[in-house]
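One structure is given here, and the rest of the page talks about it.
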Amino acid sequence: MLEIKDITFSYGRHRPPVLNDFSANIRDGGIYGLLGRNGAGKSTLLYLAAGLLTPQSGHVYYNGTDTRFRRPSTLSDIFIVPEEFSLPNIRLREFLRLNSRFYPNFSLDDMRRHLDTFELESDLHLGSLSMGQKKKAFMCFALACNTSLLLLDEPTNGLDIPGKSRFRKFIVSSMTDDRTILISTHQVRDIDRILDHVVITERSRVLLDRSTAEITERLRFVNSDSPALMQQALFAQPAVGGSALILPNDNPDHPTELNLESLFEYALNNPESLTSRFTQQ
Ligand SMILES: Nc1ncnc2c1ncn2[C@@H]1O[C@H](COP(=O)(O)OP(=O)(O)OP(=O)(O)O)[C@@H](O)[C@H]1O
């Protein structure tokens, strides 16, 4: 569905490229987590995917169409919620009247349902909202547009604690088989339980691009202070009550819960070891 092909992008002729000959594919359906260090180019990648930026070389194809053409059929099927944005100083009702027309699958019922999830009123004034409330309201609109591809950049930044857990419910309850949600974030604990797929990037390389089912089939995530387990561990990092360990999974029928933070550290610190885990039969 989203094919990122050999793209090179820099923010200016004399600036080093943020992405250099970068390729990745996002297939139809599922919740994708996009992880990478600060400055790895995740936000840039989302803007390129949405056609808001154009690569100097290479292509981003959405359902076979290059997003640089910004065709109405492409734009009406992709929604991006940037990390920072501003909303006009108008009532939500007016905002919906002006903007929903660009999204043929927009549903007012879904909008009301999402507002309800975040305990937001339907006749709110966008100009009088706090940063977190604005984020919630805009994400409600983003989801209610029912685009096949939804790009969320740091969606839980600025949300209060109940808002974060409602965010998970809000995303999961809106999933359909043909909908793809790509979430770029550092707040891994806010999303680790809802991901279907994990993509980890580093310096224009994709270090990992696997479903969570495949990851937990191959790797076991445990917290332990057992020296025997420490010895077998592929990766260990200090954690409350011992160490967070990643071990080979000898019993794929009994997967453990994914520890996204450990997986990310493992990918950055020992990418070859991680890759070899997924190339072994
Ligand atoms: N508008 C801009 N003009 C110039 N350089 C930019 C601009 N936006 C981003 N950059 C640079 O591009 C690089 C990648 O930025 P980007 O925001 O895509 O990374 P990121 O992976 O999303 O980072 P973070 O995790 O910190 O949000 C950084 O070095 C950043 O300084």
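The numbers here are math on the coordinates, done by the rules we state, and not lab data. The model shown is predicted, which means the values in this text are computed figures rather than measured ones. So basically every Cβ, Gly included, is an ideal-geometry build from the backbone, and we count neighbours across all protein chains shown.
Tally Lys/Arg at +1 and Asp/Glu at -1 over every other residue whose Cβ is under 13 Å from the Cβ of Glu154; what's the total?
Working: positive: Lys42, Lys135, Lys164; negative: Glu83, Glu84, Asp153, Asp190.
Residues near Glu154 contribute -1 overall.
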What order do you get for Ile181, Ile191 when you list them from fewest to most C-beta neighbours inside 10 Å? Ile191, Ile181
If we count other beta carbons within 10 Å of each Cβ, what is the order of Glu94, Glu83, fewest first? Glu94, Glu83
If I take every Cα pair under 8 Å that is 6 or more residues apart in segment 219-278, average their sequence separation and divide by the length, what percent do I get for the relative contact order? 34 percent
Cβ-based net charge around Pro88, under 14 Å, with every Lys or Arg adding one and every Asp or Glu removing one: +3
Using a Gaussian network model of the chain whose springs link C-alpha atoms within less than 10 Å, name the residue from Arg101, Arg15, Arg205 with the highest mean-square fluctuation. Arg15
Dimensionless Rg/Rh of segment 123-174 - Kirkwood Rh, Rg from C-alpha atoms: 0.95
Please list the helices of the chain that count as membrane-span-like by this rule: a mean Kyte-Doolittle hydropathy of at least 0.0 together with Cα atoms stretching 15 Å or more along the helix axis, each helix being a complete DSSP H run. 131-144
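Given Cβ point charges of +1 (Lys, Arg) and -1 (Asp, Glu) and nothing else, what value in debye, to the nearest 20, does the dipole of the chain about its Cα centre take?
On the way: 31 positive and 34 negative charges, 176 e Å.
With only Lys, Arg, Asp and Glu charged at Cβ, the dipole is about 840 debye.
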Considering the convex hull of the alpha carbon atoms of segment 212-279, report its projected area averaged over all viewing directions, in nm², one decimal. 4.3 nm²
Which of the lysines could a cross-linker span from Lys135 if the Cα-Cα distance has to be under 29 Å and same-chain partners fewer than 8 positions apart are dropped? Lys42, Lys164, Lys169
Take Glu202 and Glu119, extend 7 Å from each Cα along the Cα→Cβ direction, and tell me the distance between the two endpoints in nm. 4.1 nm
Go ahead and set up a Gaussian network model of the chain, Cα springs under 10 Å, then flag whichever of Ser165, Ser107, Ser128 fluctuates most. Ser128
Considering only the chain, what is the antiparallel percent among its DSSP beta bridges, to the nearest 5? 60 percent
Got the relative contact order for segment 2-203 handy, in percent, Cα pairs under 8 Å and 6 or more residues apart? 29 percent
I need His197, His254 ordered by Cβ neighbour count within 10 Å, fewest first. His254, His197
Rounded to the nearest 500, what is the chain's calculated 222 nm mean residue ellipticity when only DSSP H runs of at least 4 contribute -39500 (n - 2.57) each, over all residues? -9000 deg cm²/dmol
For a bin width of 10 Å, list the pair-distance distribution of the chain built from all Cα-Cα distances, rounded to whole %. 6, 27, 32, 23, 10, 2, 0
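Summing Lys, Arg as +1 and Asp, Glu as -1, what charge do residues with Cβ under 11 Å from the Cβ of Leu52 carry, Leu52 excluded? Walk me through the numbers before you get to the answer.
Details: positive: Arg68, Arg70; negative: none.
Value of the local net charge: +2.
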